[in-house]
Amino acid sequence: MTSHEVPAVPIESIVRKHGGDPTRLLQILIDVQESIGWLPPPALTSVAAALSIPRSRVEGVAGFYHFLHKRPVGRFHLQFADNITERMQGSAELMASLCSKLWVEPGRVSEDGLVSVETTSCIGMGDQGPALLVNGMPLTRLSHQRINQIAELVRREAPLSSWPPEFFRVDDNIRRADALLSLEMAPGAALRAAVALGRDGWMEQMQISNLRGRGGAGFTTAVKWMACRDAAAPEKVVVCNADEGEPGTFKDRVLLTRMADVVFEGMTLAAWAVGACRGFVYLRGEYRYLLESLREALSLRRAENLLGRGIQGIAGFDFDIEIHLGAGAYVCGEETALLESLEGKRGTPRIRPPFPVTHGYLGRPTVVNNVETLAKTCLIALGGGEAFAATGTAQSTGTKLLSISGDCAQPGIYEYPFGVPIERVLEDCGASDIQAVQVGGAAGITLASYEFHRRIAFEDVPTAGAFMVFDSSRDLFEVARNFVDFFAHESCGFCTPCRVGTALLKKAMKKLAEGRGAKTDLADIEWIDRLLKNASHCGLGSAAPNPVVDTLLKFRPAYERRLQSLDFEPAFDLDAALAAARRASGRDDPGAHIGAEEAGQNG
Amino acid sequence: MSKRFLFDGRPVVFEDGQTILQAARAAGHYIPHLCWHPDFPPHGSCKLCIVKVAGRHVSSCAMPAKEGMEVESNTPEINGERRALLQMLFVEGNHFCPSCEKSGNCQLQALAYDLEMTGERFAHFFPERPVDSSHPDVLLDFNRCIFCELCVRASRDVDGKNVFALTNRGINKHLVVNAESGRLGDTDLAADDLAANICPVGVILKKRVGFATPIGERTYDVKPIHIVAMEDGK
């Protein structure tokens, strides 16, 4: 289809299916794209007309999300996960190999429109990578043999349903189970226990448990719930943040695969505590493949009166859950950006205060909790707050799920009581000769071997769950550079320091990687880091320099060995600038290169 | 007894609901800003108005004033960071002041002078941003956009037209207009819309009136921005 044909797809019927509701704009665009393959300009015009909203708004949203395509993609669209752990497993070579077999350049569509290949941020398969998404479906454990098979299937235009099912196998890889992962709960059991306590009694148990948010920030859940409960405005909302975008994290994927019902029950427990009537799961686009099974689990709960009107026969306890999809935007894990996205807008973080507990989804009091946090509330309802607080440390009660990937024998999910030392975790996952661990993902902390006695806890090493292991063969500069590129790709671009600063950092790291760095570049990097940390609008920008700050401090030789001895080296590369002239003249001999000529003369 | 806070060591009286920037202005203290405008709610994107409160950086345009807070604004540290933010804005776009029609009336240029920015420091991006001259009365030169969204907000909230919006993200974020063709000439923008008259830099320019006032005699050629801003309420 050319860009100016009016699509034959019934856009009006898609909009009608979503009730003509502009807050569902992102969901509508996802559906339109699923039927056309991309979002041609006339389709955006039709969506705007059908919703009676300005076209400029629709174009603004369509351009924000990495998984929405304003330009055509191939009928087979392959996105290689580009996190550092996949890089270490050879993802770049595998992608280059696939591209050469299919005669396609990364980021471009093949001439016949058959295939396009690109990279994407971590897709939550770090324990079974390298991995990719093909038309949104995760394909794990890539190898050269598998790449050959994929190339052949694409060339034959074999429909995905006919591809070998083992390509799409996603394992849970649970290596250590504690309270949560060994929980066997009949649907409704936690809810009945909380209802028996009464709303206040249930909140009291939550307070005693001292449960803190598992999404990384560690805010006390009961305090958040009480603020929402006490907010004056009606129509309260509970949101489950399943936008698990932190590179190296995949524990929410496992919880949603194995224990979705426990997560939904946790949302219902939150609704019971705060008096909410509406619930949303914001599911990251990378986990689109879980959508049908999650919807099925919700229908079962409705059938059992665990959702809907008068839950458990209690008049006025009305609560239901719908699932919204994200579309490839890490920043939407930030709770106010998530709320903007839920309202069908660009995922730009809001100004705070006011906070979501008083002004959240559509201005209503809203609780936003992480998947793991909500699941844990079931443990508190079943066993009581005191029993929950008996494990972990005084300030970090209960257990924590770690997503372990990188250089270890047994990558996967490990559940530990808070307070576990890093060295114990390394031993359990079969890691040896380790020089560094990245805890908490790209936004987290880089720990060197002399810090492995430190403990996983909010008061020591806090984490949302990522735990990436690097042995002594790894180059920590490349690790930091991968995270820098990630933040530049995921910056929403709202504020000056993050929009420009992450892009400048990316350029500076590239310059160093090419061996053209000077001492002044390290000074510039440290200056940009400071601006990002101090002046950014949200946590993405202020966390973006973390990997560079940490590695510059703890692994400075990895940077210094890349420096030229000069104090200053220009970013402008004269030889690279002559590439166009070389192409035009068909020359690529040593004489057509600046550096080579000089070297020849000197020699 | 009215409430007050300390602004660079001097007491400033404020009313509940005022932000730090509003209260400081009312007391005659200028805080640099680009995306903030007195007629609109705070936006908080340019970050030029950062100040330090209790050791933490905050956007003064958005942060409510509180009794007893100690605000640092006109200090070498904060002004150094503001200068770096200006340098970032200069290198991400294509700003050639000597040939720009807005020179002397441009808030970005005026602030760069005011904060003694003598060079760009960072490497230029030199982005490709085509000019849109399709509209009979208004020219769009995207090279100079600083993403303050004043045109977006004015068109949406005052003109009721939604002519402008931002699309894409990160360093690739850019302005789009409300037309499938992507051309301003195909929108209903009128030259006397607020959106056509609010750009603090040289993106949205009126045609046929260029250089009516010679460079050298323009607003910020005559007085620095920290004086002008306090005079006209902008």
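Nearest 500 deg cm²/dmol is fine: what mean residue ellipticity at 222 nm does chain A get from its DSSP H runs of n ≥ 4 alone, each adding -39,500 (n - 2.57), divided by its residue count?
On the way: 25 runs with 258 residues, N = 603.
Helix contribution divided over all residues of chain A: -12500 deg cm²/dmol.
Using the heavy atoms of the protein chains and a 1.4 angstrom probe, tell me the accessible area per residue for chain B in square angstrom.
Value returned for chain B: 44 Å² of accessible area per residue.
Quick check on chain B: what does the Kirkwood estimate of hydrodynamic radius come out to from the alpha carbon pairs, in Å?
Hydrodynamic radius (Kirkwood, Cα only) of chain B equals 18.8 Å.
From the phi angles alone, apply the Karplus equation (6.51, -1.76, 1.60; θ = phi - 60°) to segment A:344-357 and give each ³J(HN,Hα) in whole Hz, x where the residue is Gly or Pro.
Using θ = phi - 60°, the values come out as x, 10, 5, x, 9, x, 7, 6, 10, x, x, 9, x, 4 Hz.
Percent of Cα-Cα pairs per 20 Å bin, from 0 to the last occupied bin, for the protein assembly as shown, please list those.
Taking all Cα pairs of the protein assembly as shown, the binned fractions are 14, 46, 35, 5, 0 percent.
For A:His537, what is the net charge nearby, where nearby means another residue's Cβ is under 15 Å from its Cβ and Lys, Arg count +1, Asp, Glu -1?
Residues near A:His537 contribute +3 overall.
What does the charge count near A:Ala189 come to, summing +1 for each Lys or Arg and -1 for each Asp or Glu among other residues with Cβ under 11 Å from its Cβ?
Once positives and negatives cancel, what remains is -2.
Taking H placed 1.01 Å from N in the peptide plane, check which residues at least 5 places from A:Thr119 or on another chain put their amide H under 5 Å from its amide H.
Amide H neighbours of A:Thr119, under 5 Å, 5+ apart: A:Phe80.
Rounded to the nearest 20 debye, what is the charge dipole size of segment A:176-389 about its Cα centre when +1 sits on each Lys and Arg Cβ and -1 on each Asp and Glu Cβ?
240 debye
Note down the Stokes-Einstein diffusion coefficient of segment A:393-490 in µm²/s, whole number, using a Kirkwood radius over alpha carbon pairs, 10 °C, and 1.306 mPa s.
Values: Rh = 13.6 Å.
Estimated via Stokes-Einstein, D reaches 117 µm²/s.
Given C-alpha coordinates of segment A:240-321, what is the ratio Rg to Rh with the Kirkwood estimate of Rh?
Looking at segment A:240-321, the ratio lands at 1.00.
Can you run phi through the Karplus equation (6.51, -1.76, 1.60; θ = phi - 60°) for segment B:126-141 and list ³J(HN,Hα) in whole Hz, with x for Gly and Pro?
Result, ordered by residue: 6, x, 8, 9, x, 8, 10, 10, 6, 7, x, 10, 10, 10, 10, 10 Hz.
Ratio to report: Rg/Rh of segment A:76-171, with Cα atoms as the point set and Rh obtained by the Kirkwood method; give two decimals.
0.92
In whole Å, what three semi-axes, largest first, describe the equivalent ellipsoid of segment B:3-74 built from its Cα gyration tensor (square root of 5 times each eigenvalue)?
Ellipsoid half-lengths, sorted descending, are 17, 13, 11 Å.
Across segment B:80-177, what fraction of all alpha-carbon pairs, as a whole percent, falls in each successive 5 Å bin from zero upward?
Taking all Cα pairs of segment B:80-177, the binned fractions are 2, 11, 20, 23, 21, 14, 7, 2, 0 percent.
May I ask you to derive the relative contact order of chain A, considering only C-alpha pairs under 8 Å and at least 6 residues apart, and to give it as an integer percent?
Over chain A, the number comes to 13 percent.
Grab the Cα-Cα distance for A:Glu93 and A:Arg302, subtract it from 0.36 nm times how many residues apart they are, and report the gain in nm with one decimal.
On the way: separation 209, 0.36 × 209 = 75.24 nm, distance 4.75 nm.
Result for the pair: 70.5 nm of gain on full extension.
Summing both sides, how much accessible area is buried between B and A? Use a 1.4 Å probe and give Å² to the nearest 100.
Answer for the B-A pair: about 3500 Å² buried.
Toward the positive end of the charge dipole of the protein assembly as shown, about the Cα centre and with charges on Cβ (Lys, Arg +1; Asp, Glu -1), which of A:Cys495, A:Ile351, A:Pro421 goes farthest?
Projecting each Cα onto the dipole axis, the largest value belongs to A:Ile351.
Report, to the nearest whole %, how much of the accessible area of segment A:11-64 belongs to carbon and sulfur atoms, 1.4 Å probe, protein only.
50 percent
In debye, nearest 20: dipole of segment A:467-545 around its Cα centre with unit charges on the Cβ of K, R (+) and D, E (-)?
240 debye
Sequence-distant or interchain residues sharing an amide H contact under 5 Å with A:Val357, placed H: which?
Sorted by chain and number, the residues that satisfy this are A:Thr366.
Any residues in segment A:500-539 that have 30 Å² or more less accessible area with all protein chains than in their chain alone, probe 1.4 Å, and which are they?
Buried-area filter returns A:Val500, A:Ala503, A:Leu504, A:Lys507, A:Asp524, A:Trp527, A:Arg530, A:Leu531, A:Asn534, A:Ala535.
Which whole-Hz couplings ³J(HN,Hα) result when phi for each residue of segment A:277-285 is put into the Karplus expression 6.51 cos²θ - 1.76 cosθ + 1.60, θ = phi - 60°, listed in order with x for Gly and Pro?
Going residue by residue, I get 10, 10, x, 10, 9, 9, 9, 4, x Hz, with x marking Gly and Pro.
Which cross-chain or sequence-distant (5 or more) residues have an amide H under 5 Å from the amide H of A:Thr397, H modelled 1.01 Å from N in plane?
Amide H neighbours of A:Thr397, under 5 Å, 5+ apart: A:Arg212.
Which value, in debye to the nearest 20, gives the size of the charge dipole of the protein assembly as shown about its Cα centre, when Lys and Arg are +1 and Asp and Glu are -1 at the Cβ?
Roughly 860 debye, rounded to the nearest 20.
Give the residue from A:Tyr559, A:Ser396, A:Leu382 lying farthest towards the positive end of the charge dipole for chain A; charges sit on Cβ (+1 for Lys and Arg, -1 for Asp and Glu) and the dipole is referred to the Cα centre.
Toward the positive end, the furthest listed residue is A:Leu382.
Over the Cα atoms of segment A:159-203, each weighted equally, I'd like the Debye log10 I(q)/I(0) at q = 0.22, 0.25, 0.30 Å⁻¹, rounded to two decimals.
Per q value, in the given order, log10 I(q)/I(0) is -0.85, -0.92, -1.02.
Positive end of the charge dipole of chain B (Lys, Arg +1 and Asp, Glu -1 on Cβ, about the Cα centre): tell me which of B:Thr187, B:Met63, B:Val228 has its Cα farthest that way.
The one lying farthest along the dipole's positive direction is B:Met63.
Which of the cysteines found in chain A have nothing to pair with, since no other Cys Cβ lies under 4.7 Å from theirs?
A:Cys99, A:Cys122, A:Cys228, A:Cys240, A:Cys277, A:Cys332, A:Cys378, A:Cys492, A:Cys495, A:Cys498, A:Cys538
Under 12 Å from the Cβ of B:Gly55, count the other residues' Cβ atoms, weight Lys and Arg +1, Asp and Glu -1, and hand me the total.
-1
Is there a pair in A:Lys345/B:Lys206; A:Lys507/B:Lys161; A:Lys533/B:Lys102; A:Lys17/A:Lys345; A:Lys510/A:Lys533 whose C-alpha atoms are over 29 Å apart, and which pairs would that be?
From the list (A:Lys345/B:Lys206; A:Lys507/B:Lys161; A:Lys533/B:Lys102; A:Lys17/A:Lys345; A:Lys510/A:Lys533), the Cα-Cα distance tops 29 Å for A:Lys345/B:Lys206; A:Lys507/B:Lys161; A:Lys533/B:Lys102.
If you restrict to DSSP beta bridges whose two residues both lie in the protein assembly as shown, what percentage is antiparallel, to the nearest 5?
Beta bridges within the protein assembly as shown, antiparallel portion: roughly 60 percent.
The values are calculated or read from the model by the stated rules, or taken from the named source; none is laboratory data. The model shown is predicted, which means the values in this text are computed figures rather than measured ones. In this analysis, Cβ positions are derived from the backbone assuming ideal geometry, glycine residues included, and neighbour counts consider all displayed protein chains. Each accessible area value is taken on the protein alone, full model and side chains, heavy atoms only, with ligands, DNA and RNA left out. Shrake-Rupley method; radii C 1.70, N 1.55, O 1.52, S 1.80 Å.
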